[in-house]
1. Place a +1 charge on the Cβ of each Lys and Arg in segment A:3-104 and a -1 charge on the Cβ of each Asp and Glu, then give the dipole magnitude about the Cα centre in debye, rounded to the nearest 20.
2. Given a 10 angstrom Cα cut-off, can you work out which residue in B:195, B:92, B:370 is the most mobile in a GNM of chain B?
3. Any chance you could give the angle, 0 to 90 degrees and rounded to 10, that helix B:2-14 forms with the longest Cα principal axis of chain B?
4. Once phi is turned into θ = phi - 60°, what whole-Hz ³J(HN,Hα) does the Karplus curve with 6.51, -1.76 and 1.60 give for every residue of segment B:239-253, x standing for Gly and Pro?
5. Assign unit charges at the C-beta atoms only (+1 for Lys and Arg, -1 for Asp and Glu), then state the dipole size of chain B relative to its Cα centre in Debye, rounded to the nearest 20.
6. Classify segment B:134-188 from the C-alpha gyration tensor, please: rounded if a/c falls under 1.5, else prolate or oblate depending on whether a/b exceeds b/c.
7. How big is the gap, in Å, between the Cα center of segment A:293-352 and the Cα center of segment B:182-240?
8. Rounded if a/c is under 1.5, else prolate if a/b beats b/c, else oblate: with a ≥ b ≥ c from the C-alpha gyration tensor eigenvalues square-rooted, which is segment A:66-176?
Amino acid sequence: MSWPVKTIAERTGDLLPGSPWTASVYVLLTILAVTAFMTVTGLVLIYAERKIAAHFQCRLGPMRVGWHGVLQTIADALKLLLKEDIVPRDADALLHILAPVLSFAGMLLVMIALPMSPSLQVADMNIGVLYVTAVSGLGVLGILLGGWSSNNKWSLLGAMRAGAQIISYEVSATLALLVVVLFSGTLQLSGIVQSQEAGWWIWRAHGCGIVAFAIFLIAGTAEINRTPFDLAEGESELTAGFHTEYSGLRFSFFFLSEFLNMFVLAAMTSTLFLGGWMPLHIGHFAVFNGVMDIIPPGLWFTLKTTAMIFLIMWFRWTFPRLRVDQLMRLEWKILLPIGFVNLFVSAACVVTGCYFFAR
Amino acid sequence: MSVHVSTLQARISGESTASSPLSTEEYFVNMGPQHPSTHGVLRLVLRLDGETVREVVPVLGYIHRGIEKMGEHGNYRQFVHLVDRMDYLSALANNWAVTMVVEKAAKMETNDRIQAIRTLVCELQRIQSHQLWWGVFGMDLGAFTPFFYGLRDREQICDIFEKTIGARLTMNYIQPGGVMYDIHPDFVKDVKAFLTYFKSKMPEYDALMTENVIIQERLRGIGKLSAERAIALGATGPVLRASGVAHDLRKSEPYGLYSQVDFDVPVGTTGDCWDRYWVRMEEMRQSVRIVEQLIDNIPEGKTFLVKPAAKIKVPAGVHYSHVETARGVLGVLLVSNGKDAPYRIHCRTPNFNNLWCIGEMATGGRIGDLVATLSSIDIVVPDIDR
């Protein structure tokens, strides 16, 4: 069974020769849909985090606004919207305003490359993986600018921590990513998903996949600044880290991009290692594969991403925070060597064709 | 306040201790009085070199209420309720410290029932105080969940106190001549239910924090305090015992019914944050042991041996008495001129001396270490300022 991929960008291209107007309306609708999707995902994630955290901590979480507090996030968003917008007197006003936007933009640009189902992907670049790694690094710029422009020593400390942390962990994340690129032989994200038709890379690659998966998850958690790597925020150490001086809507932009970054990480992890929208297939067992195909690809993607998000939240509500030097040690002395060895072993596997269901 | 800062700045202008070959500049940061991990209104002036802490100077006075001075204007019974507001997590031990010095000086009688109740509630409060510390310690290390676990279990002790004493935090329960009220009919049953419950929850505490590799990495070898320095700085309680000095007033100068119960004094070896953590965890278990031994044998008798309204006259002279609270030695020095109000009263509080160890413990560490160390001292700021 083949999976024809048609992206939204391609569909727009198809419309273009007929009538440019229809195409523009289509583009406009797409932009609206992406915005709505991000907002709703953000709200759902924040609600989920609060509920999951609450149940980890033997309490109920929001219960008052709407049924089981489902409208709590909306109420909070409204509150943030109505708050006074403060730019500190001694802050660099332009950079202070620009920082949350940049942070948000970095996440937004990754979002368009995510393959959510064969028909639901905004753009499918042939250098997809490279693109994702490149633009996701933009987020750190927003954090650095935010910390620097606030003119606050705590903010600056948070920003410097974030800078060191995100840039270091990007190395490991990329090494783990390369393992999958090696096995699938393509940089295109939809191609990577297609390459997992006979099975997901997490188990097909003789352990290389699962090691790369673990490294990618750890490094990714560090890149999105979540516990146990939330040093940039470090509430008990740096009050609020890089966003100490932010309030109201600007703060909520940082907050929203943090949560959507978690979605992006979960989606990328499931795309690379868990088959993305590809159903659970085992080699050539046609009956089993056929049964699995009944569940639509979009649902598979949602399920895998949800599972990954739950895992990341589980980390946060279980682990304490690392210290800044331990963080660097973990990356440069532990993850990076393992990542390199893993890459070499995978290369050997690929060259010899020694992995499950190699073509 | 400015005095402290300017002396620090004067010190910095002399020589730079920056160790990096790159030229770096040291800078000052005010940690507090409003900061999530200074537990109230403590202010620490930090001299930092990047992330490394070069010097810590605590600045006090943000919650000074003049409790000792107020004590001179009321009678002894009124002073008992003022000390609730010092170390609010061991209000009962504070009550007992004042009660003890007054009873000793005025030669007031007590009976075994009173002493048993006092010992029991103080040990329950020690558990409660350590539970709260455990939760907050986790929070300061960046893990939120322990806080809720600790508070969930602490709630049960608060409920027991509420039934007998009527208050959950500021008790005003132990009074010269007895205890304010007799124990609630449910007290024994509730305490036993709590012990069963809490013993089943201790493994949860260990699984969440003690056995966590990040916790161990962050605590071992951090914030070291040698036994000599701990004694020189006047540290008491778990901070002193973690440094390897087995000093516990409950053992060395037993009061209440401590001489009749069997318990160990946990002692650390190196005096790092891990030892302080371990000592407190072990103390909770020992307190459970003490409560278990006493709960079935509360003697019969009256619980208040004087008329509550009676004026207490303390003979002229200087009197001193001390107890072991959850945080260390609380001593009360009483100067009396023979009237029904103290001439001068002074409290030697454990938190003040314990806090002063931070300068030695945290220098040279990172900001994260400083937070862990401060939290491992377990300070209550109103007890420092009074």
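Computed from the coordinates by the stated procedures, all read-outs in this text should not be read as laboratory data. Predicted, not measured: the structure shown is a model, and the values here were computed from it. Every residue, glycine as well, gets a Cβ built from its backbone with ideal geometry; the counts of neighbours run over all protein chains shown.
1. Details: 9 positive and 8 negative charges, 99 e Å.
In debye, rounded to 20, segment A:3-104 gives about 480.
2. Comparing B:195, B:92, B:370 in the GNM, the peak value goes to B:195.
3. The two axes meet at around 30 degrees.
4. 5, 5, 5, 5, 7, x, 9, 7, 10, 9, 4, 5, 9, 6, 9
5. Numbers: 42 positive and 45 negative charges, 237 e Å.
Here chain B has a charge dipole of around 1140 debye.
6. On the way: a/c = 4.53, a/b = 2.38, b/c = 1.90.
Note, shape of segment B:134-188 comes out prolate.
7. So the two Cα centres are separated by 35 Å.
8. Working: a/c = 2.20, a/b = 1.19, b/c = 1.84.
Cα axes put segment A:66-176 in the oblate bin.
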